[in-house]
Every structure is written in structure tokens, then in C-alpha cells.
Amino acid sequence: MAITNEQRITNLLSMAQRANRIVSGAFVVEQAMKKKQAVFVLLAGDAAEESKKNFKNLADKYAIPYAEALDRESLGACLGKEFRAVAALTDEGFAKKLRQLMEESL
């Protein structure tokens, strides 16, 4: 059975969580963006439209790449949390790998 790209993405995010290279939750992610610590922002596909709009605007303002992937439950689960609508990688290596995986899934 082949591993799906979604599983690769959740595995990568789990590794980032264990390495303390990812922050999640609206408030913490916003702080990381403003402090220029976030290098890549991930929005859950089923996050509230208002939240998505706010984070996309912030990402554009601070020139941080972002993408929509997974749903709130999957995103939260791979980070050891219940539900997460947004997460931000703070490590360029993890961000680069995540971008590669996302491009493959298109």
C-alpha cells in the first residue's frame, strides 16, 4: 500500500512538531508571523473563510509563503492537538520539504 501524499505531509508536520519547528493556533501563528519567525504558513482547507482571509493578508504583508492543505482535524492530529485551523513552520528545511510535497500533490 502506497503512502499518500497527505500522509507524507502529516508525517513531516509531526516531525516538525517533535523538533519544535512548528507553531499552531491563530494567536501563536500570528505572533510568529509578526516576529518574522514563520517561514511557511499552512491553513486548514476547512478553516473559517474569515480566518483564511486574515492569514493570507498577513502572509502577503510579511511576504511569507502559504498554502491550504488538510482539514482542521488532520492538521491538529499530526501536531498532537485537537483541531488546528492554522500552523506555521519556523524552519526553512521543513518548509522547503513541505513545499515539495505540496507541489507533488497538485
### Query
Considering only protein heavy atoms and a 1.4 Å probe, what is the carbon-and-sulfur percentage of the accessible area of the chain?
49 percent
### Query
Within straight cross-link reach of K61, meaning Cα distance under 26 Å, which lysines are found once same-chain residues fewer than 8 apart are removed?
K34, K35, K36, K52, K53, K96, K97
### Volume per residue of the C-alpha convex hull in segment 49-106, rounded to whole Å³
98 Å³
### For segment 7-13, Karplus couplings with θ = phi - 60° (6.51, -1.76, 1.60), whole Hz, Gly/Pro x
5, 4, 5, 5, 5, 4, 5
### Query
So what are segment 1-58's ellipsoid semi-axes, whole angstrom, largest first, if each one is the square root of 5 times an eigenvalue of the alpha-carbon gyration tensor?
23, 16, 8
### Task
Assuming R0 = 22 Å, can you tell me the calculated FRET efficiency for the pair F27 and E92, based on Cβ-Cβ distance, to the nearest 0.05?
0.40
### Query
What size of dipole, in debye to the nearest 20, comes out for segment 25-104 about its Cα centre when the only charges are +1 on Lys and Arg C-beta atoms and -1 on Asp and Glu C-beta atoms?
400 debye
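Once R0 is set to 35 Å, what does the formula 1/(1 + (r/R0)^6) return for the Cβ-Cβ distance between S51 and A2, expressed as a FRET efficiency to the nearest 0.05?
Working: r = 33 Å, r/R0 = 0.93.
Efficiency at R0 = 35 Å is approximately 0.60.
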### Task
Among [x] 14.0; [y] 16.3; [z] 13.4, find the value of Kirkwood radius over Cα pairs in Å that was calculated from the structure presented, and write down its label.
[z]
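Could you tell me what percent of the DSSP beta bridges with both partners in the chain are antiparallel, to the nearest 5? Before the final figure, lay out the partial values.
Working: 7 of 10 bridges.
For the chain, the DSSP antiparallel bridge percentage is about 70.
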### Summary
Non-local residues with an amide H under 5 Å from the amide H of I22, with H modelled 1.01 Å from N and Pro and chain starts lacking one, are T90
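Write down the accessible area per residue of the chain in Å², having rolled a 1.4 Å probe over the full set of protein chains. Let's see the in-between values first.
On the way: 6100 Å² over 106 residues.
Value returned for the chain: 58 Å² of accessible area per residue.
The values are calculated or read from the model by the stated rules, or taken from the named source; none is laboratory data. All of these numbers come straight from a predicted model, not from anything done at the bench. So basically every Cβ, Gly included, is an ideal-geometry build from the backbone, and we count neighbours across all protein chains shown. Accessible surface is based on the protein model in full, side chains and every heavy atom, while ligands, DNA and RNA are left aside. Shrake-Rupley method; radii C 1.70, N 1.55, O 1.52, S 1.80 Å.
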